[in-house]
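Everything below concerns the one structure shown next.
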Amino acid sequence: MRLSEWLSQQTPRVRSKCKIVNVDCAYHISSNQKIKRFMPMIGNRMADTEDRTIARVCCAATLIDTIRGHAEVAWEQLDAWFDGQFDEFAIYQMPFTEYIKPNSKLVYDADVSNELWIVPNDATTVSFKAPVVGYFMLEEYARTVGAGYDAMEIKYIVRTQTPIVLDVGEVIDGYYRITVVSKNKLNQSQWESPQKISAIDRINASSYNAVMNKIKRTLK
């Protein structure tokens, strides 16, 4: 079934609040580095206000948007550290060019994360493989609360196995340190304001491995 036909069969609420878009590639990030096959489903990390009727695999056209959409990335890695665990997030590249794009009525932060959906419209999307094209890890986290604002700065180290789109107009390939910042009023969720990239620094494999080894030593 073509994606347009699938969309025509959905409820009026869904049809009126999403559209079909074409992008060159899209990414999905996960702490699970060994996903054998992706299958659209209704996940357990959705906000209460999000649509819970459409099975989907969530992704985005840039790495930074996948991080914005997966609001628990930093907290998952911090929690893992506190538990003495250590692992990188895997970056999967989705094997399609046509996606459903919901608006903020279906996904509250859609305007921030630019979330895309893969839905089960035909045999190729019901169950599919996607290659890992890179990994990233939280390196440092700093939070400052004061003067009515909650500000944070997060540094990630990234290694890619093929060129990936970090942000609109920014392709990376190799080893990098990416710094993102966000500033929000204290009475708001800190994830309501987009995380913005403040620095992109190329590093080498030795620097990347040094950070990884430092984290491992800290967890022992």
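The values are calculated or read from the model by the stated rules, or taken from the named source; none is laboratory data. Since the model is a prediction, treat every value here as computed from it, not as a measurement. All Cβ positions, even for glycine, are placed from backbone atoms using ideal geometry, and neighbour counts span all protein chains on display.
Summary table
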{"quantity": "Qualifying residue in the stretch 19-36 (condition: modelled with pLDDT of 95 or more and over 29 Å from Thr160 (Cα atoms))", "calculated": "yes"}
{"quantity": "Failed criterion for Asp111 (all others in (1) of a type outside the set (A, V, I, L, M, F, W, C); (2) part of a helix (DSSP H, G or I); (3) touching a residue at least 12 places away in the same chain (Cβ under 8 Å) hold)", "calculated": "(3)"}
{"quantity": "Test for Pro131: is it on the phi < 0 side of the Ramachandran plot, touching a helix residue (DSSP H, G or I) at 6+ places or on another chain (Cβ under 7 Å) and not small (Gly, Ala, Ser)", "calculated": "no"}
{"quantity": "Enumeration of residues in the stretch 1-23 that are surrounded by 14 or more Cβ atoms within 10 Å (Cβ to Cβ) and not hydrophobic (A, V, I, L, M, F, W, C)", "calculated": "Gln10, Lys17"}
{"quantity": "Counted residues, the stretch 66-122 - those being over 22 Å from Leu7 (Cα atoms) and among the polar types (S, T, N, Q)", "calculated": "4"}
{"quantity": "Candidate set from the stretch 186-220 (those that are assigned to a strand (DSSP E or B) and touching a helix residue (DSSP H, G or I) at 6+ places or on another chain (Cβ under 9 Å)); member that is modelled with the lowest pLDDT", "calculated": "Lys196"}
{"quantity": "Flag if Ile42 is in contact (Cβ under 8 Å) with a residue 60 or more places away in the chain and outside the structural domain of Gln195 (by TED's automatic domain parsing)", "calculated": "no"}
{"quantity": "Breaking point among (1) at pLDDT below 85; (2) under 30 Å from Tyr108 (Cα atoms); (3) surrounded by 13 or more Cβ atoms within 10 Å (Cβ to Cβ), for Arg177", "calculated": "(1)"}
{"quantity": "So Thr162, is it within 18 Å of the chain's Cα centre (by Cα) and under 21 Å from Pro95 (Cα atoms)", "calculated": "yes"}
{"quantity": "Only one of Ala151, Ala142, Ala147 that is at pLDDT below 95, surrounded by 14 or more Cβ atoms within 10 Å (Cβ to Cβ), small (Gly, Ala, Ser) and not assigned by TED's automatic domain parsing to the domain that holds Val57", "calculated": "Ala151"}
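Let's see how each residue does on (1) in contact with a Cys (Cβ under 7 Å, 6 or more places away or on another chain); (2) buried (at least 18 other Cβ atoms within 10 Å of the Cβ); (3) modelled with pLDDT of 95 or more; (4) of a type in the set (D, E, K, R):
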residue	(1), (2), (3), (4)
Arg52	no, no, no, yes
Ala60	no, yes, yes, no
Glu76	no, no, no, yes
Phe82	no, no, no, no
Thr97	no, no, yes, no
Asn121	no, yes, yes, no
Phe128	no, no, yes, no
